[in-house]
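Read the structure below first, then the notes.
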Amino acid sequence: SKNIHHEAELVLKINKEGKYIQKKFAHRYYEEIGLGIDFTARDLQDQCKAKGLPWEIAKAFNGSAPIGDFIPVSEIENLQSIDFHLSINGEIKQQGNTSLMLFNFDTIIEYVSQFFTLKKGDLIYTGTPAGVGPVKIGDRLEGFIGTQKMLDFEVK
């Protein structure tokens, strides 16, 4: 690809097996939250879309979902107001807060578990805020939850 875009997302780490999880019980299925990047090959995505084909090739390539450290949920004051951001070469490109998410964590788990059995260690990327854009070789990406650096790497 010649057009890879970044999408910073909070990531839930599933801590036990579950299927058909009701929203009121969903909080029992994750104990840690991390930050990851969901890379997308936009040129490949556009080619597939134009042909009416699925575009998983644009999302599921080697290295397409780097992930940083995790924070225990017990250390987060308010899950409904988690600030996070992504900087590229020192400039903030994406900034979000869980209060702005279309679907909260428990709703996401309830929905996903209707189709897939969630297992310990599964990761759920929860969606990205505005500011998605291209990266190039040599870019340094740093991701934060609050002021805590969660990931730091160079695009190669």
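The values are calculated or read from the model by the stated rules, or taken from the named source; none is laboratory data. The structure presented is a predicted model; accordingly, all values stated were derived computationally and were not measured. Methodologically, a virtual Cβ is constructed for each residue, glycine included, from the backbone with ideal geometry; neighbour enumeration extends over all protein chains shown.
Numerical summary
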item	result
Selection status of Glu77, more than 12 Å from Ile37 (Cα to Cα), at pLDDT 95 or above and surrounded by fewer than 15 Cβ atoms within 10 Å (Cβ to Cβ)	no
Extreme residue, farthest from Asp152 (Cα to Cα), among residues of the stretch 85-138 that are in a strand (DSSP E or B) and β-branched (Val, Ile, Thr)	Ile124
Any chance Ile92 is surrounded by 13 or more Cβ atoms within 10 Å (Cβ to Cβ) and in contact with a strand residue (DSSP E or B) (Cβ under 8 Å, 6 or more places away or on another chain)	no
Close pairs (6 angstrom Cβ cut-off, 6 or more residues apart or separate chains): touching a residue at least 12 places away in the same chain (Cβ under 8 Å) and more than 13 Å from Ile4 (Cα to Cα) in the stretch 133-146, buried (at least 18 other Cβ atoms within 10 Å of the Cβ) and small (Gly, Ala, Ser) anywhere	Glu142/Ser87; Gly143/Ala8; Gly143/Gly68
Total residues in the stretch 1-36, condition touching a helix residue (DSSP H, G or I) at 6+ places or on another chain (Cβ under 9 Å), hydrophobic (A, V, I, L, M, F, W, C) and within 25 Å of Met150 (Cβ to Cβ)	6
Residues within the stretch 130-156 that are surrounded by fewer than 16 Cβ atoms within 10 Å (Cβ to Cβ) and in contact with a Gly (Cβ under 6 Å, 6 or more places away or on another chain), tallied	0
The lone exception for Gly90 - which of (1) of a type in the set (Gly, Ala, Ser); (2) at positive phi; (3) within 16 Å of the chain's Cα centre (by Cα) it fails	(3)
